[in-house]
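As structure tokens, the structure follows; a few thoughts come after it.
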Amino acid sequence: MTRFVFLFVFNLHWVFILYFSIKKTAKPGVPLEKRYSAARRAAFVISKKSRITLKSSGMERLPEKDGFVLFANHQGRYDGIGILASSDRPLSFAPDAKRENVFPINSVFKALDAKPIDKTNRRAALKAISEIETAVTEGRNYIIFPEGIYDDSKRNSLYKFHSGCMRIPLNTGCPIVPVCLYDTYKPFNAKGLRRVTCAIEYLDPIYYEEYRGLKPKEVAELVKSRISEALERLSAG
């Protein structure tokens, strides 16, 4: 939390500069690549100003063709920032609807065509999932956190992976990319401003042939098991 406060108090001018640079791109007709570039630049600057070292790997494993969904474990406020900084392939988000209008991330959500999911409204949630399915079939890539929540005590453990979002690959047949976030809870949870290191690893894709015929809960368990194995490996050093 100390680092989070430091970012907003001592680098507030950068927060506003980055916010408006992203907001400027969130207009009809602006290519996705330009919008994503602005959001990714913000992620780089925030990481640098916050004294965060991010180690990313596995980008070469991503499917050659766009139109896939990424499922990642959720550890803290830095997760989305780290994913933006680590991926040179344009991605978008499916955030909790409660965070849709929160400053300053609302500019990123708007620029990248995020699809907020309202967990309290089943009809609205299903509509958002349907919109993501359409976007994926049209070649967009979406990152989703199936756990839905995080807290300060979670760290590198995993909570239940909710199965509702697994209907997206089941209904579209798109590749699934499990993403392992390791120690990403540290940047904005740890006390002090000492430099911290965290890691993001893009794991081998799960193609339709592998999950075809599975139920949503089974797909959720499959994805969770892949991420769990990666967490254990990274924890072992």
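Among the residues making up region 50-82, those that are touching a residue at least 12 places away in the same chain (Cβ under 8 Å), surrounded by fewer than 16 Cβ atoms within 10 Å (Cβ to Cβ) and in a helix (DSSP H, G or I) are M59, R61. Of the residues L158, L193, which is assigned to a loop (DSSP other than H, G, I, E, B) and either without any contact (Cβ under 8 Å) to a residue 24 or more places away in the chain or more than 25 Å from I117 (Cα to Cα) (or both)? From the options L158, L193, the qualifying one is L193.
May I ask you to say which residue of K110, K115 is in a helix (DSSP H, G or I) and either within 16 Å of F71 (Cα to Cα) or not small (G, A, S) (or both)?
The conditions single out K110.
Residues checked against (1) modelled with pLDDT of 95 or more; (2) among the acidic types (D, E):
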| residue | (1), (2) |
| --- | --- |
| V45 | no, no |
| T53 | yes, no |
| G76 | no, no |
| I81 | yes, no |
| L91 | yes, no |
| D96 | no, yes |
| V102 | no, no |
| L112 | yes, no |
| S130 | yes, no |
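Here is a yes/no grid of residues against (1) over 17 Å from I83 (Cβ atoms); (2) modelled with pLDDT under 95:
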| site | (1), (2) |
| --- | --- |
| P169 | yes, no |
| R195 | yes, yes |
| E201 | no, no |
| Y208 | yes, no |
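Looking across region 16-41, the residues that are surrounded by 15 or more Cβ atoms within 10 Å (Cβ to Cβ), of a type in the set (A, V, I, L, M, F, W, C) and modelled with pLDDT of 95 or more come down to I22, L32, A38, A39.
Close Cβ contacts (under 7 Å, 6 or more residues apart or on different chains) running from residues in region 1-28 that are within 11 Å of P104 (Cα to Cα) to residues that are modelled with pLDDT under 70 and assigned to a helix (DSSP H, G or I) comprise V15/F8. Note on region 106-125: among residues that are among the basic types (K, R) and either surrounded by fewer than 17 Cβ atoms within 10 Å (Cβ to Cβ) or in contact with a Cys (Cβ under 7 Å, 6 or more places away or on another chain) (or both), the one that is nearest to L62 (Cα to Cα) is K119. When the residues of region 126-154 are filtered to those that are among the aliphatic types (A, V, I, L, M) and touching a helix residue (DSSP H, G or I) at 6+ places or on another chain (Cβ under 7 Å), the one that is surrounded by the most Cβ atoms within 10 Å (Cβ to Cβ) is I132. Of all residues in region 188-214, those that are touching a Ser or Thr at 6+ places or on another chain (Cβ under 6 Å) and surrounded by 15 or more Cβ atoms within 10 Å (Cβ to Cβ) total 3. The set of residues in region 205-237 that are touching a strand residue (DSSP E or B) at 6+ places or on another chain (Cβ under 9 Å) and in a loop (DSSP other than H, G, I, E, B) comprises P205, Y207. Pairing each residue of region 219-237 that is touching a residue at least 40 places away in the same chain (Cβ under 8 Å) and closer than 15 Å to P146 by Cβ with any residue that is surrounded by 20 or more Cβ atoms within 10 Å (Cβ to Cβ) and small (G, A, S), provided the two are 6+ apart or on different chains, yields C-beta distances under 8 Å for I227/A72.
The values are calculated or read from the model by the stated rules, or taken from the named source; none is laboratory data. Just so it is clear, the model here is predicted, and its values are computed rather than measured. Cβ atoms come from the backbone with ideal geometry, glycine included; neighbour counts cover every protein chain shown.
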